[in-house]
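A.B. asks: Please read through the structure below; I'll follow up with questions.
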Amino acid sequence: MGEKDIPRNLKEEEENQSEDSKSLISSLPSDIDCSGTKLYKYQGCWYDKDILQAILKFNKIFQPQETDIIVASFPKSGTTWLKALTFALAQRSKHTSENHPLLTHNPHELVPYLELDLYLKSSKPDMSKLPSSSPRLFSTHMSFDALKVPMKETPCKIVYVCRNVKDVLVSLWCFENSMSGENNLSLEALFESLCSGVNLCGPLWENVLGYWRGSLEDPKHVLFLRYEELKTEPRVQIKRLAEFLDFPFTKEEEDSGGVDKILELCSLRNLSGLEINKTGSLSEGVSFKSFFRKGEVGDWKSYMTPEMENKIDMIVEEKLQGSGLIL
Ligand code: PAP
């Protein structure tokens with residue numbers, strides 16, 4: 001549909017919304033992150049202008065369905081893995097292992113971001129064209145407070161994954177530099193930015209705490225997972241996830257190796273070796289292979305100094321004090 005085909009009152013409504021959000025954004029606290037991007041603080045978290053506009057649009061017009069599933073995380077906490085696992089679990093009755101969509105698509109294509117794909121690219125995303133239906137699968141890095149705005153009447157299932165903050169830092173640093181093609185963002189600069197909390201979707205502890213509290217208040221709708229536990233006890237965690245999503249494994253599935261098949265399909269080794277993930281990229285040019293690196297717990301030890309370790313541990317401990325959460 002071309003711009004001139006948009007009905008006049010719809011176009012006016014969109015223009016008004018955009019004016020409203022522009023004036024809201026200009027009234028917010030702002031700062032510059034370590035890569036020079038201007039960020040705005042909205043409901044306790046930092047976003048750039050385009051992403052914030054997308055979040056505001058999502059807040060206004062997203063119509064949740066009870067069966068929707070949303071994969072949430074702070075960047076580099078295990079999003080790609082959790083997207084793959086959630087897709088494989090929730091859609092398992094529809095696909096055979098021979099022609100499974102995860103063999104030919106990157107998990108980010110199958111579980112689109114609300115604020116980084118759908119509402120960033122369109123004022124009114126066409127939900128009939130989603131890669132998955134019944135349930136619809138979405139993902140997000142936005143804060144729990146922002147995400148739950150449209151879900152007052154119709155809460156849906158939210159599954160959050162958190163990861164050790166030092167491993168997140170190193171993963172993010174490697175990702176940023178793999179995209180720019182050279183090491184032009186120093187680990188120290190990214191470290192200081194993460195410690196100050198002024199980074200996209202940060203502060204990290206605010207992002208994590210929002211979902212942590214959400215999971216305590218409403219465990220039926222918010223599941224809190226840890227990357228490290230997915231690594232050490234994958235069978236336990238995937239069964240927990242399946243039950244939470246209301247797609248529990250049957251005894252037959254368990255006995256015939258159904259749990260292990262999904263774990264193998266979604267493993268870093270399998271996904272990173274697929275042709276699509278070796279050669280493909282997102283429409284913005286980010287190559288799929290940059291989402292797969294080592295996937296190791298404690299990889300930060302090869303990069304961070306003891307001083308960095310102490311500083312970030314102290315900050316996180318202080319920020320999480322009293323929450324019952326340890327990162
Ligand atoms: P995103 O937020 O940009 O989507 P995300 O997937 O959360 O990134 O994080 C990428 C990390 O998950 C990488 O960790 P590393 O840099 O420490 O290696 C990546 O290797 C890891 N990862 C990706 N897919 C998997 C998987 N299937 N199993 C385990 N870890 C994975």
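Bear in mind that the values in this text are calculations on the coordinates, not laboratory data. The structure presented is a predicted model; accordingly, all values stated were derived computationally and were not measured. A quick note on method: Cβ atoms are made from the backbone with ideal geometry, for glycine too, and the neighbour counts reach across all protein chains shown.
A.B. asks: Starting from the 7 Å offset along Cα-to-Cβ, what nm value, one decimal, do you get for the label separation of residue 275 and residue 61?
C.D. replies: 3.8
A.B. asks: How much length is gained on full extension from residue 30 to residue 321, taking 0.36 nm per residue of separation minus their Cα-Cα distance?
C.D. replies: 102.1 nm
A.B. asks: For Cα pairs less than 8 Å apart in space and 6+ apart in sequence, what is the mean separation divided by the residue count of segment 35-320, i.e. the relative contact order in percent?
C.D. replies: Dividing the mean separation by the residue count of segment 35-320 yields 25 percent.
A.B. asks: Next question, about the same structure. Tell me the net charge near residue 171. Cut-off is 9 Å between Cβ atoms, residue 171 excluded, with +1 for each Lys or Arg and -1 for each Asp or Glu.
C.D. replies: Once positives and negatives cancel, what remains is +2.
A.B. asks: Also, quick follow-up: Please work out how many pairs of lysine residues in segment 216-327 are eight or more positions apart (or on different chains) and have Cα atoms closer than 16 angstrom.
C.D. replies: Going through segment 216-327 pair by pair, I get 11.
A.B. asks: Treating only the Cβ atoms of Lys and Arg (+1) and Asp and Glu (-1) as charged, compute the dipole magnitude of the chain about its Cα centre; round to the nearest 20 debye.
C.D. replies: It works out to roughly 400 debye.
A.B. asks: Of 297, 195, 81, which is farthest on the positive side of the dipole of segment 35-320, counting Cα position, with +1 on Lys and Arg Cβ, -1 on Asp and Glu Cβ, and the Cα centre as origin?
C.D. replies: 81
A.B. asks: Further question: Would you be so kind as to identify which of 237, 315, 52 lies farthest towards the positive end of the dipole of segment 35-320, taking Lys and Arg as +1 and Asp and Glu as -1 on Cβ and the Cα centre as origin?
C.D. replies: Value computed over the given set: 52.
A.B. asks: Can I ask one more? Note the full-extension length gain between residue 18 and residue 128 as 0.36 nm times their separation in residues minus their Cα-Cα distance, in nm to one decimal.
C.D. replies: Full extension from residue 18 to residue 128 adds 37.2 nm.
A.B. asks: When the Karplus curve 6.51 cos²θ - 1.76 cosθ + 1.60 is applied with θ = phi - 60°, which whole-Hz ³J(HN,Hα) does each residue of segment 39-55 get, with x for Gly and Pro?
C.D. replies: These are the phi-based 3J(HN,Hα) values: 10, 10, 8, 10, 6, x, 10, 9, 9, 7, 4, 5, 5, 5, 4, 5, 5 Hz.
A.B. asks: If each residue's Cβ is checked for other Cβ atoms within 10 Å, how do 122, 18 rank with the fewest at the top?
C.D. replies: 122, 18
A.B. asks: Report, largest value first, the span of the C-alpha coordinates of the chain along each principal axis, in whole Å.
C.D. replies: Over the chain, Cα extents along the principal axes are 57, 53, 42 Å.
A.B. asks: Only helical DSSP H runs with n ≥ 4 go in: add -39500 (n - 2.57) per run for the chain, normalise by residue count and round the 222 nm mean residue ellipticity to 500 deg cm²/dmol.
C.D. replies: The per-residue figure over the chain is -13000 deg cm²/dmol.
A.B. asks: Fewest to most neighbouring Cβ within 10 Å: what's the order for 104, 86?
C.D. replies: Lowest to highest Cβ neighbour count: 104, 86.
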